[in-house]
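Note sheet for the following structure.
The values are calculated or read from the model by the stated rules, or taken from the named source; none is laboratory data. Keep in mind it's a predicted model, so treat the numbers as computed, not measured. With ideal geometry, Cβ positions are generated from the backbone for all residues, glycine too; neighbour counts draw on all protein chains shown.
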Amino acid sequence: MGTVHEALDALRLVDHHCHGTVTGPCDRAAFESLLTEGEAWPGISSFDSPAGVAVRRHCAPLLDLPRHAPAEEYLARRSALGEPEVRQRFLRASGTDVFCVDTGYTPVPLTTPGEIAEAAGGTSYEVVRLEGVAEAVLAAGTEPDAYADAFRTAALDAVRRPGVVAVKSVAAYRTGFGLDPARPSDAEVTEAARGMLARGGRLDDPVLVRHLLWTAVDLGLPLQLHTGFGDAAIRLHRVDPALLTDWLHLTAGTIPVLLLHCWPHQRQAAFLAAVFERVYLDVGLTLHHVGPARSGAILAEALEITPFRKLLYSSDAYGVPEFYHLGALAFRRGLADLLQRRVDADELSLPDALRIARWTGRENALRVYGLAEDG
């Protein structure tokens, strides 16, 4: 039957939330800016962070370099190989064959879902970011009293594109979750749209964000929600998923809600997954930021009370393809260590552990998104 480590090493993963990677050359400044969620600061290198150290340790060998290769050598080798070759090496090494790609954040040109699938030798699907849809409707000069219908129509058109399997909201970045959970009235939406049209900018009006979340319910597809850890725009105390509790009560029994990343609120997310039938979670980008050395601790907290059919795998890889490989490696090692310890302590049978590994790494995502087993 083998060990849990052997089973997870062989399992073809489903990455239920990720992004494209840069398409052009990546110099040191650009690469370091993508290694962490923080800015580049004078005298402080992103290579001297847990993520940077993990990249030099676990990614260098895939570029034919020794483990812990110096940053200068790592970047020189990357440049010599070129982004297409680097992308293919890391995507194939991740052992992932299904990708659900958020296409809504492209401050620089990124690979498309199709290009990700080609590099990995797998299959990609699209996740539509609803804030981008709403902002396009507002930018088109829609009248305030027509905004609600225009947004709904645009969102329906977006999710009907071939290959779309889910929608996503970044309400965490725009307002946080301390919102009135009720569906806003038509009058409230019209007045909020009038204000947004007057001042422009990103969708950050609380009423319009509430309207967006309720529109997601109406669309009927799984909804991904960024929670927890992010860049400096996040107010961490406002993105605790527990703040969604009243809204989850109101929307219970409708759509799957997938809480992304969660750190440091993975225990609150686990509670929600334990008490709401249609709530799921991952620990996403947390894994490549803490690296394989700490991934088991994060997963252990996420799985303290989470039903085993409720935890999914995602890399949240963005910008650099190293994070596809590093996220998968940290997930496999962390989960295998956790499950194997429970087997060795006779707290879990080996068949149960192997089933949990398959569910978490692959089958839970296939079921939630309604994907065929062959991808």
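What the table below lists for this structure:
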{"item": "Selected residue [free of Cβ contacts under 8 Å to residues at least 40 places away in the same chain, not aliphatic (A, V, I, L, M) and not assigned by TED's automatic domain parsing to the domain that holds Leu34] from Pro184, Pro113", "result": "Pro184"}
{"item": "Residue match in the range 73-80 (condition: crowded, with 20+ Cβ neighbours inside 10 Å, of a type in the set (A, V, I, L, M, F, W, C) and closer than 18 Å to Pro321 by Cα)", "result": "no"}
{"item": "Of residues in the range 262-277 being touching a strand residue (DSSP E or B) at 6+ places or on another chain (Cβ under 6 Å) and under 20 Å from Leu179 (Cβ atoms), the one surrounded by the fewest Cβ atoms within 10 Å (Cβ to Cβ)", "result": "Leu272"}
{"item": "Gly284 vs. criteria under 22 Å from Ile234 (Cα atoms), surrounded by fewer than 22 Cβ atoms within 10 Å (Cβ to Cβ) and at pLDDT below 95", "result": "no"}
{"item": "Scan of the range 157-174 for residues that are part of a loop (DSSP other than H, G, I, E, B) and buried (at least 20 other Cβ atoms within 10 Å of the Cβ), ordered by number", "result": "Val170"}
{"item": "Index of the failed condition, Phe90 passing every other in (1) over 22 Å from Arg362 (Cα atoms); (2) out of contact with any Ser or Thr (no Cβ under 8 Å at 6 or more places or on another chain)", "result": "(1)"}
{"item": "Evaluation of Phe47 against (1) among the hydrophobic types (A, V, I, L, M, F, W, C); (2) in contact with a Cys (Cβ under 9 Å, 6 or more places away or on another chain); (3) not assigned by TED's automatic domain parsing to the domain that holds Tyr125 (one fails), failing number", "result": "(2)"}
{"item": "Selection count, the range 330-369, where residues are closer than 15 Å to Lys310 by Cα and either aromatic (Phe, Trp, Tyr) or assigned to a loop (DSSP other than H, G, I, E, B) (or both)", "result": "2"}
{"item": "Residue match in the range 51-61 (condition: outside any helix (DSSP H, G or I), touching a residue at least 40 places away in the same chain (Cβ under 8 Å) and under 25 Å from the mean Cα position of the chain (by Cα))", "result": "no"}
{"item": "Number of the condition not met by Thr142 [criteria: (1) modelled with pLDDT of 95 or more; (2) surrounded by fewer than 21 Cβ atoms within 10 Å (Cβ to Cβ)]", "result": "(1)"}
{"item": "Residue match in the range 194-201 (condition: touching a Gly at 6+ places or on another chain (Cβ under 9 Å) and without any contact (Cβ under 8 Å) to a residue 60 or more places away in the chain)", "result": "yes"}
{"item": "Within the range 238-253, considering residues that are in contact (Cβ under 8 Å) with a residue 40 or more places away in the chain and surrounded by fewer than 23 Cβ atoms within 10 Å (Cβ to Cβ), the one nearest to Leu312 (Cα to Cα)", "result": "Asp240"}
{"item": "Count of the range 276-328 residues which are assigned to a helix (DSSP H, G or I) and not polar (S, T, N, Q)", "result": "21"}
